[in-house]
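K.L.:
The structure that follows is given in the form of structure tokens.
Read-outs throughout are calculated quantities, based only on the coordinates presented, and are distinct from any laboratory measurement. Quantities reported herein were computed from a predicted structural model and do not represent experimental measurements. No Cβ is skipped: glycine too gets one built from the backbone with ideal geometry, and neighbour counts run over all protein chains shown.
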Protein chains: 2
Amino acid sequence: MSETTLGVVAVGNALVDVLAHATDDFIETHHAEHGMVKGAMTLIDSDRAVDLYMQMGPGLESSGGSSANTIAGYASFGGKGGFIGKVANDQLGRVFVHDIRSLLIEYDTPPLTGDIPTGRCLILVTPDAQRTMNTYLGASVELGPEDVNRGMVTSAQVTYLEGYLFDKDRAKKAFETAAQYAHEAGRKVALTLSDSFCVNRHRDDFRKLINSHIDILFANEDEIKALYEQSELPDALKAIDGDVEIAVVTRSEKGAVVLSAGEQAAVPAEPVAEVVDTTGAGDQFAAGFLYGLTEGMDLEKSAKLGAIAAAEVISHLGPRPETPLAELLEGVA
Amino acid sequence: MSETTLGVVAVGNALVDVLAHATDDFIETHHAEHGMVKGAMTLIDSDRAVDLYMQMGPGLESSGGSSANTIAGYASFGGKGGFIGKVANDQLGRVFVHDIRSLLIEYDTPPLTGDIPTGRCLILVTPDAQRTMNTYLGASVELGPEDVNRGMVTSAQVTYLEGYLFDKDRAKKAFETAAQYAHEAGRKVALTLSDSFCVNRHRDDFRKLINSHIDILFANEDEIKALYEQSELPDALKAIDGDVEIAVVTRSEKGAVVLSAGEQAAVPAEPVAEVVDTTGAGDQFAAGFLYGLTEGMDLEKSAKLGAIAAAEVISHLGPRPETPLAELLEGVA
């Protein structure tokens, strides 16, 4: 087996986030009329994206995308990462590419040409700091198997895939191709379930995939319950153990549970002065955990890094770290 | 004289800000090589904009532009405002237009067609929370006299102009046209000097303009000293008094001084838990002051509102309020 030069390569949607404050009334109205679900991610088409954007308050734009956020956090810890995901050849696409590359993350997916614009996620932050996401996938789901750079995948210890890619067939094929390349090179494959609605949309496929191809699984409490159709967490945890090498289940302010080889370890959440915006909490937990893991730390210490990264990101608006996470390693690692 | 329907109409550059953290070393290197000046605004061309952007860290995009920030703050207090400024017909232009309109600010300047993109301001925030701005003006200085909506200007109590418009001839002509329309309708004209380097570039023009056409002047300590070529603030204040009806001089953590009809009033700065980013401090001070003034408050109370708005904006990243400023009026107004 050849040497690895990257720690993690992430494969996922390349999105620009538009964050705006919103009231609970706003969410409720759009829930009734358009099926918007507080705290979850709803897929929207381009017309609805225009319409919803018009009704939103002033926005803060920044690069987003679940696994792209994770690899940004991973790089912020000092890890060497790569990213595979599709933007269009437009201004928002160039913003995304700039941000990824400025973190010294390897990235060479060619941009989409044609009329489909860069995907975006319209995020409404309510006064309780919860984020409600509305995603127009745009160019990001035009990612295809031919976009998966085999050399990049095989050079990484871990290939990290986001469940959201399952929402469109071409992107799902890219996802499967990446997993195949990684395993053929003897690397690990990690998956994040993304959200419980995504799990409900693809439950059977996810269970098959997890059984056969996933070494490391990231999920939150709702997602793991949805996956195994269990209403109680211990039952869901029992179901997952054995299906994967490592399962990481995040529980918001209750911290996280890591399962591996029949053992369980719980880590508490890190204290936060004020929760401003929960966008990116799960993504950054994965970033910290993967950094610890690829640096050879034990599971508990890796989870502690996850909790630290999650605490940083929920303390401000936006899905990626503002403080270099490497600075928060002191006294821990 | 007809009734006014707007409080303030702002005329200025329509820019999208790209905010990134940077080290002092980064600024020093670019100072030596490209004349970047810490804490000031440097004009850059499109090649330099591309080059500098490539060297910057990940960015946070949001609508900016000095007087556009002011009118956004004014609207956030609950004031009825208008804006005149030029974007291109591109994605960043649409972000700017969305943000202005979402605040219920009247805005109808037609976008520029052709190859010149929407202007942008690359802002580097150093660990001391200072912002160093690098502006590629793009479409914003293609604003011409024909873009000045006379009906909008004459319907506003105050027309607020930013000094930065003086940096290009066409935009300067638009500026003068707006001032002329306002005065012909018996309205007040306000000017912000923008920065001391801008004052140095246009000192004679500014002094002539202030003498003949400006009723309300906003400046910080450096700008007012640069305008009158005085090294001591009291001498500069003596020079301004009488030239305009009202002069508002901001002094960062020392608060502000308001001069009118030979009288001076000083207001302290509002306390701030942590200064995160000083971007927009002057713009928001003007927003609060103008809101007080157009609501009929006295000068001291108006300046207090300015201090409150400035304190809000320096407490977070970005040039516009995150908290609705109307909420901060309680117990003051």
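K.L.:
Between the label point of A:Arg170 and that of the same position in each other copy, find the distances and list them shortest first in nm, with every label point placed 7 Å from Cα along the Cα-to-C-beta direction.
P.N.:
So the label point of A:Arg170 gives 3.8 nm to the other copies.
K.L.:
Among the listed pairs A:Lys86/A:Lys168; A:Lys168/A:Lys225; B:Lys188/B:Lys254; B:Lys86/B:Lys208; A:Lys86/A:Lys188; B:Lys254/B:Lys304, give every one whose C-alpha distance is greater than 18 Å.
P.N.:
In this structure, A:Lys168/A:Lys225; B:Lys188/B:Lys254; B:Lys86/B:Lys208; A:Lys86/A:Lys188 lie more than 18 Å apart at Cα.
K.L.:
Take the Cα pairs of the protein assembly as shown, get the Kirkwood Rh, then feed it into Stokes-Einstein at 20 °C and 1.002 mPa s and tell me D in µm²/s.
P.N.:
82 µm²/s
K.L.:
Rounded if a/c is under 1.5, else prolate if a/b is larger than b/c, else oblate: which is the range B:1-85, with a ≥ b ≥ c the root eigenvalues of its Cα gyration tensor?
P.N.:
It comes out prolate by the Cα gyration axes.
K.L.:
Follow-up question, since we're still on this one. Determine, for each peptide in B:61-68, A:110-117, B:4-11, the mean count of other beta carbons within 10 angstrom over its residues, then list the peptides with the highest first.
P.N.:
B:61-68, B:4-11, A:110-117
K.L.:
What percent do you get for the relative contact order of chain B when only Cα pairs under 8 Å and 6+ apart count?
P.N.:
18 percent
K.L.:
So for chain A: antiparallel DSSP bridges make up what percent, rounded to the nearest 5?
P.N.:
Antiparallel: roughly 35 percent of the beta bridges in chain A.
K.L.:
If each of A:Lys208 and B:Ala261 carries a label point 7 Å out from its Cα toward its Cβ, how far apart are those two points in nm?
P.N.:
8.3 nm
K.L.:
Along the principal axes of its C-alpha atoms, what lengths does the range B:224-333 span, in descending order and rounded to whole Å?
P.N.:
37, 30, 18
K.L.:
Okay, moving on. Which listed residue (A:Pro58, A:Thr279, A:Ala179) has the Cα farthest towards the positive end of the charge dipole for chain A, taking +1 on Lys and Arg C-beta and -1 on Asp and Glu C-beta about the Cα centre?
P.N.:
So the residue we want is A:Ala179.
K.L.:
Excluding A:Glu146 itself, what net charge comes from residues whose Cβ is under 12 Å from its Cβ, given Lys and Arg +1 and Asp and Glu -1?
P.N.:
Charge balance in the 12 Å sphere: +2.
K.L.:
List the relative contact order of the range B:53-131 as a percent without decimals, with contacts defined as Cα pairs under 8 Å and 6+ residues apart.
P.N.:
30 percent
K.L.:
Then there is this: Would you calculate a helix-derived [θ] at 222 nm for chain B, using -39,500 (n - 2.57) for each DSSP H run of n ≥ 4 and dividing by the full residue count, to the nearest 500? Provide the component values of the computation, followed by the final result.
P.N.:
Values: 12 runs with 128 residues, N = 333.
Computed ellipticity for chain B at 222 nm equals -11500 deg cm²/dmol.
K.L.:
Another question, if that's okay. Return the distance in nm (one decimal) between the two label points of a simple spin-label model at B:Glu28 and B:Glu229, each offset 7 Å from Cα along Cα→Cβ.
P.N.:
Simple spin-label model gives 3.3 nm for this pair.
K.L.:
Near A:Pro110, within a Cβ-to-Cβ distance under 13 Å, what is the net charge of the other residues, with Lys and Arg +1 and Asp and Glu -1? Present the calculation step by step, with values, prior to reporting the outcome.
P.N.:
Numbers: positive: A:Lys86; negative: A:Asp108, A:Glu142, A:Glu146, A:Asp147.
Overall, the nearby charge balance is -3.
K.L.:
Quick one: among B:Asp222, B:Asp277, B:Asp128, which has the greatest mean-square fluctuation in a GNM of chain B with alpha-carbon springs under 10 angstrom?
P.N.:
The residue that fluctuates most here is B:Asp128.
K.L.:
Hey, another quick one. Just the C-alpha atoms of the range A:128-205: what Rg/Rh do they give, with Rh taken as the Kirkwood radius? All intermediate terms of the calculation are to be shown ahead of the outcome.
P.N.:
Working: Rg = 13.7 Å, Rh = 13.5 Å.
Reported Rg/Rh (Cα atoms, Kirkwood Rh): 1.02.
K.L.:
Using only atoms on other chains, find how many Cβ atoms lie within 10 Å of each Cβ of peptide B:61-68 and report the average.
P.N.:
3
K.L.:
Put +1 on the Cβ of each Lys and Arg and -1 on the Cβ of each Asp and Glu in the protein assembly as shown; which of B:Val249, A:Thr4, B:Ala310 then has its Cα farthest toward the positive end of the dipole?
P.N.:
A:Thr4
K.L.:
Set Lys and Arg Cβ to +1 and Asp and Glu Cβ to -1, take the dipole of the protein assembly as shown about its Cα centre, and tell me which of A:Leu15, A:Gly79, B:Ser196 lies farthest positive.
P.N.:
Value: A:Leu15.
K.L.:
For the range B:180-333, what is the relative contact order in percent, using Cα pairs closer than 8 Å and at least 6 residues apart in sequence?
P.N.:
Numbers: 261 pairs, mean separation 23.7, N = 154.
Relative contact order, the range B:180-333: 15 percent.
K.L.:
Please state the shape class of the range A:233-272: rounded when a/c is under 1.5, otherwise prolate if a/b exceeds b/c and oblate if not, all from the C-alpha gyration tensor.
P.N.:
Verdict is prolate for the range A:233-272.
K.L.:
Using 7 Å Cα-to-Cβ label points, what is the A:Asn89/A:Leu104 separation (nm, one decimal)?
P.N.:
Inter-label distance under the simple model: 3.1 nm.
K.L.:
Can you compute the FRET efficiency between A:Asp169 and B:Gln55 using 1/(1 + (r/R0)^6), with r the Cβ-Cβ distance and R0 = 41 Å? Round to the nearest 0.05.
P.N.:
It comes out at approximately 0.55.
K.L.:
On to the next question. In Å and from the alpha-carbon atoms only, list the Rg and Dmax of the range B:168-293.
P.N.:
14.7, 45
K.L.:
Let me know the shape class of chain B, please: from the alpha-carbon gyration tensor, a ≥ b ≥ c as square roots of the eigenvalues, rounded when a/c is under 1.5, otherwise prolate if a/b is greater than b/c, or oblate. Working shown, then result.
P.N.:
Values: a/c = 1.33, a/b = 1.15, b/c = 1.16.
Because its axes are fairly even, with a/c under 1.5, chain B counts as rounded.
K.L.:
Let me ask something additional. Given a 10 angstrom Cα cut-off, can you work out which residue in B:Ala139, B:Ala287, B:Ala49 is the most mobile in a GNM of chain B?
P.N.:
It is B:Ala49.
K.L.:
Cα centroid distance between the range B:262-333 and the range B:105-182, in Å?
P.N.:
Here the answer is 22 Å between Cα centres.
K.L.:
Right, next: Calculate the mean, over all residues of peptide A:102-109, of how many other protein chain Cβ atoms lie within 10 angstrom of the residue's Cβ.
P.N.:
The per-residue average across the peptide is 1.
K.L.:
So, counting K/R as plus one and D/E as minus one, what does the shell of residues with Cβ under 14 Å around A:Ala171 add up to?
P.N.:
Counting the neighbours of A:Ala171, the net charge comes to -2.
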